[in-house]
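Please treat every number below as a calculation from the coordinates, not as lab data. None of these values were measured; they are calculated from a predicted model. Don't worry about glycine lacking a Cβ; one is built from the backbone with ideal geometry, like all the others, and counts go over all protein chains shown.
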Amino acid sequence: MSATATDNASSPLHDYLVTGETLFVTAAVLAFVSDIALTFRSLVALNWIGLTLGSLFILGTLFFINWLYTGAKEARMPAAIWAGLQIAIAVIGVYLLLNKTFGWDYRLYKIGAVLPQALSVPSDLLGIFKAAAYGMFLYSITQRGPALFYLRHKGGEAVEVPSPTTPPEDVHPTGTVLPLTADQTQKANGLASALQMAGFALMTAGFFGALVGGQRIATAPRFGWLALGEGIVLLVLGVIALAPVASVRNIKERGTDTAYIGDALTKLGAMVNKLVLLALVLAALGVGGLILRLVKG
Amino acid sequence: MATETTTTFTPEQSTTINRLSTGLTFAAPLFLLAGLLRVVLGGIDIWKGNWGGLLAIPAGGLLAFAGLALLAGASDAKYLHDVKGREKEHLVNTFDSINTAFTALLIFGCYEAFLGFIHLLM
């Protein structure tokens, strides 16, 4: 691996870089393999549009992997958009295929017989694999962790040498400490845990809610769409709740320097701003449900 | 008794705290409204003879409670921004309030996930 050539083989930095490179390559290979498998299916059950599009996906993914591998910072945003697009395509294809199996909405049968194959998603299981693989790829290049650390280091960005007590963060202590007691720092840790657990619970609730909504669309379309919308809102709410977890946990793990507290408050603020939007949508969906019930008598 | 007037936060950090307080002030009533609407919808369903509406009431209650806790968090964050020299207490109170709100959302999430799972099985 290239990390070995440039860094001291026994240092924690070297180990971290090797882990980062391994994770990045694994995620990239999984994404690439998922496209190969789906395109091969398009070749076996011959669909020219699916085959062409699948081949383009393979080439596009190869291009982005190579670009990212140079460490270029400007490659990350387009690659993230590309991965997001691939996830959306896989999700649409899988939804249409599953709709045919479970009979959620008969109006989508016609398009469901054509579109998944044309999008190069002829198999629901492989489609789920593609969505998961690109999800991992997207996570590895956008979220702070070994893979992104490796890419940033390779691109020549100034990154802190990581260790168990100083993970790779851009927050540097200012020297001004807010002297919190052990009990008080424990409360910050408690908040981090509550955010994390609530995030996972809301994501699960959103996932099931969206499935139930999808099922209801066939029998009661308006209520079904409302339930689907609520499910999606809960799912996004769960994802957003996870964003400040690491920063809030830093207060316990790295100390009570105001830089860490300020960073935690910034991340909480950013989360709350998104919460406002989601709560607004949730309330609007509630109003929609109320109107539907009143109109229907 | 002398009051401490020094602050440990930089002007940028104070702006961040102010933004957090403002965000919480907007988010809290919306969660409260979303929760109350769920309770009302459950009530309407029950009134129409659909006893399944009962299930929406605890969920609405939890959402509304999360809204109330966020409202308390908004006040705590405002104190954290405005009152100098007592940052520790107000910071911990802000964390506590947000923690309470998200614990309510955690229970809400588990409850909704359970209901969704049962719906899928039926």
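Brief remarks follow.
- Between 0 and 90°, nearest 10: helix B:56-82 axis offset from chain B longest Cα axis: 10
- Chain A: most fluctuating residue of A:Leu38, A:Leu195, A:Leu180 per GNM, C-alpha cutoff 10 Å: A:Leu180
- Sorted ascending by nearby beta carbons within 10 Å, beginning with the fewest, B:His119, B:His81, A:His172 become A:His172, B:His119, B:His81.
- Calculated from backbone phi, Karplus (6.51, -1.76, 1.60) coupling profile of the range B:30-35 in Hz, x at Gly/Pro: 5, 5, 4, 5, 4, x
- Distance between the range A:144-158 and the range A:217-295 - C-alpha centres, whole angstrom: 29
- For the range A:242-281, alpha-carbon Rg relative to the globular expectation (2.2 N^0.38 Å, N residues): 1.29
- Overall dimensions of the range A:182-296 by Cα: Rg and Dmax, Å: 17.9, 58
- Shape of the range A:2-154, Cα gyration tensor, a/c cut at 1.5: prolate
- Backbone N under 18 Å from the A:Trp67 label point (7 Å along Cα→Cβ), restricted to the range A:117-141: A:134-135, A:137-141
- Amide N of the range A:255-297 lying under 13 Å from the label point, which is placed 7 angstrom from the Cα of B:Asn50 along Cα→Cβ: A:289-297
- Highest-MSF residue in chain A out of A:Gly262, A:Gly50, A:Gly112 [GNM, Cα springs under 10 Å]: A:Gly262
- The residues B:Asp82, B:Asp96, B:Asp76, A:Asp257, when put in order of fewest to most other Cβ atoms within 10 Å, stand as B:Asp82, B:Asp96, A:Asp257, B:Asp76.
- Helices assigned as whole DSSP H runs in chain A whose Cα atoms extend at least 20 Å along their own long axis and whose mean Kyte-Doolittle hydropathy is 0.0 or higher are found at A:12-44, A:48-69, A:76-102, A:124-142, A:182-219, A:221-242, A:258-296.
- Restricting the range B:1-100 to trypsin sites (Lys or Arg not before Pro) that sit in a DSSP loop and have at most 15 other Cβ atoms within 10 Å of their own Cβ leaves B:Lys48, B:Lys84, B:Arg86.
- Between A:Pro122, A:Pro244, A:Pro173, the Gaussian network model of chain A with springs among Cα atoms under 10 angstrom shows the greatest mean-square fluctuation at A:Pro173.
- Where Rh is the Kirkwood radius over Cα pairs, Rg/Rh for the range A:77-121: 1.09
- Between 0 and 90°, nearest 10: helix B:87-121 axis offset from chain B longest Cα axis: 20
- The lysines whose alpha-carbon is closer than 18 Å to the alpha-carbon of A:Lys187, local same-chain residues fewer than 8 away aside, are A:Lys252, A:Lys267, B:Lys88.
- For the protein assembly as shown: rounded, prolate or oblate by the Cα gyration tensor [a/c cutoff 1.5]: oblate
- With neighbours defined as other Cβ atoms within 10 Å of a residue's Cβ, the residues A:Ile111, B:Ile57 order from fewest to most as A:Ile111, B:Ile57.
- Hydrodynamic radius (Kirkwood) for the range B:12-121, which is based on Cα pairs only, to one decimal in Å: 15.1
- Whole-Å distance, taken between Cα centres, linking the range B:10-39 and the range A:59-73: 40
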